[in-house]
Amino acid sequence: MSITHFLTALTAAAALLLPLTPVQATTLNCTGGVVNCGYALDGHVPAEFGGWTDQTAYWSGMSDSVTVDFGAATFVSGLTISLDNNDSYLVEASLDGSHWSTMLTVHDYQGTVWYGMDTFSTVVGHAQYDAGLDFHAGSARYLRVSAFGGDTWNSVGEIGVGVTAVPEPSSGALMLGGLALLAGAARRRCAA
Ligand SMILES: [Ca+2]
C-alpha cells in the first residue's frame with residue numbers, strides 16, 4: 001500500500017471513528033398527564049409480560065408524551081424500548097424541539113407478548129430485536145414517545161438508546177482537512 005493509499009484509508013477510518021464520543025447529559029420530560037415519568041429512563045427494563053403500571057411511566061389518551069433530551073445533537077443508531085403491548089406508539093426525533101420526524105413506529109399487533117410490557121429493539125443481536133420495526137436512524141437532540149392507537153392506556157417502561165454524539169463540524173472538518181493535506185503532500189512526494 002502506498003503512503004497515499006494509506007492516508008486515504010486513514011482519513012476514511014477517522015471519519016468512522018469521529019462519532020464515537022459517548023453522550024453525557026440526558027434528561028427526561030413528560031407532559032402533565034404522564035404518571036411516574038422517571039421510570040421511562042431509570043435504567044430498569046420491565047420484564048416481558050410485566051404490569052403496565054409497575055415501575056413504568058403511563059398515561060391515558062393520545063395527547064401526552066415522554067421526551068428524552070440528550071442536551072445536544074446526537075446520532076441515534078438504534079432504539080430499544082419497553083411499551084405496553086396492546087397499543088401503537090411513535091418515537092419522533094427533533095433537533096430543535098419544534099420540528100419532528102418519525103424515527104420508529106411500533107404497532108399494537110407487533111411484539112412477542114400478549115399482555116403487559118413488551119420490549120422492542122432495532123439493534124441487531126439484541127434479545128428483543130425485531131426486524132419488522134420501521135426504524136430510521138438519524139440525528140436528534142430530542143426523542144418524543146407518544147401513542148396513536150390501542151386501548152388508550154399507554155405505558156413506557158424504559159427508553160434505551162444506542163447513540164453516538166455528532167461531532168462538532170469544526171473539529172471534524174479540521175481533522176479531515178489536515179489528513180487531506182497530508183495525503184496531498186504524500187502524493188506530491190511520490191510524484192517528485
Ligand atoms: Ca394499553
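Rule-based calculations on the coordinates, nothing more; no lab input. Because the structure is a prediction, the values reported are computed rather than measured. A quick note on method: Cβ atoms are made from the backbone with ideal geometry, for glycine too, and the neighbour counts reach across all protein chains shown.
Summary table below
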{"item": "C-alpha center-to-center spacing [the range 71-88, the range 27-52] in angstrom", "result": "12"}
{"item": "Per-residue ³J(HN,Hα) for the range 134-148, Karplus 6.51 cos²θ - 1.76 cosθ + 1.60, θ = phi - 60°, Hz, x for Gly and Pro", "result": "8, 10, 10, 4, x, 8, 7, 9, 10, 10, 10, 9, 9, 10, 10"}
{"item": "Cut-off under 5 Å, modelled amide H: who pairs with Ser88 long-range", "result": "Asp108, Phe148, Gly149, Gly150"}
{"item": "Distant-in-sequence amide H partners of Val161 (H built 1.01 Å from N, under 5 Å)", "result": "Thr80"}
{"item": "Net charge of neighbours whose Cβ lies under 12 Å from the Cβ of Val66, counting Lys and Arg as +1 and Asp and Glu as -1", "result": "-3"}
{"item": "Using θ = phi - 60° and Karplus 6.51 cos²θ - 1.76 cosθ + 1.60, couplings along the range 107-113 (whole Hz; Gly, Pro as x)", "result": "8, 4, 8, 8, x, 10, 10"}
{"item": "Dipole magnitude of the range 56-173 about its Cα centre (Cβ charges: Lys, Arg +1; Asp, Glu -1), debye to nearest 20", "result": "260"}
{"item": "Extension gain (nm, one decimal) between Ala25 and Asp54, 0.36 nm per residue minus Cα-Cα", "result": "7.8 nm"}
{"item": "Neighbourhood net charge (15 Å Cβ-Cβ; Lys/Arg +1, Asp/Glu -1) for Val76", "result": "-1"}
